[in-house]
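Reviewing the structure listed below.
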Amino acid sequence: HTLSQSQLSDLRAAHEQLKGAAEQREALSAKLDEAERARADANRAEAAMRAELDASKAFGKERDEMLIVAEKTCGGLEAECKLVREQLREALDDVAALRAA
């Protein structure tokens, strides 16, 4: 069975269409691969940023805790200094009284 000129022409056209569709599919597949790589890169970048943010929050919390401890320590030292000043004043008053006697 031989094909007519018209059938051959139709077959060639269909072959060209198939070839074009295959090339288009290849191009789309490459674009999809590129998009998936870009998405993976974006996901890694987001994860790194989240980790950095978490570390920053942890550092901020640690700094706040250190400040609270420092404030308490300073408050305690101020109270202790005030007490020592009062004791020193009393001792100086005692010395002055002894000298006057």
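The values are calculated or read from the model by the stated rules, or taken from the named source; none is laboratory data. Fair warning: this is a prediction, and the values are worked out from it, not measured in the lab. A quick note on method: Cβ atoms are made from the backbone with ideal geometry, for glycine too, and the neighbour counts reach across all protein chains shown. In case anyone asks, the SASA skips ligands and DNA or RNA and just uses the protein heavy atoms, side chains included. Shrake-Rupley method; radii C 1.70, N 1.55, O 1.52, S 1.80 Å.
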Mind jotting down the distance between the C-alpha centroids of the range 1-15 and the range 54-77, whole Å?
84 Å
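Take the Cβ-Cβ distance between VAL84 and ASP64 as r, set R0 to 30 Å, and report the resulting FRET efficiency rounded to the nearest 0.05. It would help to have the intermediate numbers written out before the result.
Numbers: r = 30 Å, r/R0 = 1.01.
Once the sixth-power term is evaluated, E becomes 0.50.
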Total Lys pairs in the chain closer than 26 Å by alpha-carbon, pairs eight or more apart in sequence or interchain only?
4
Give me the one-decimal Kirkwood hydrodynamic radius in Å for the range 17-68, with the sum taken over alpha-carbon pairs.
14.4 Å
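Rounded to the nearest whole Å², what accessible area per residue is found for the range 1-72 with the 1.4 Å probe? Could you put the intermediate results ahead of the total?
On the way: 6730 Å² over 72 residues.
For the range 1-72, the solvent-accessible area averages 93 Å² per residue.
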How far, in degrees from 0 to 90, does helix 5-100 lean away from the longest principal axis of the Cα atoms of the chain, to the nearest 10?
0 degrees
Dipole magnitude of the chain, debye to nearest 20 (Cβ charges: Lys/Arg +1, Asp/Glu -1, about Cα centre):
240 debye
Principal axes first, then extents: for the Cα atoms of the chain, list largest minus smallest coordinate on each axis, whole Å, largest first.
145, 15, 10
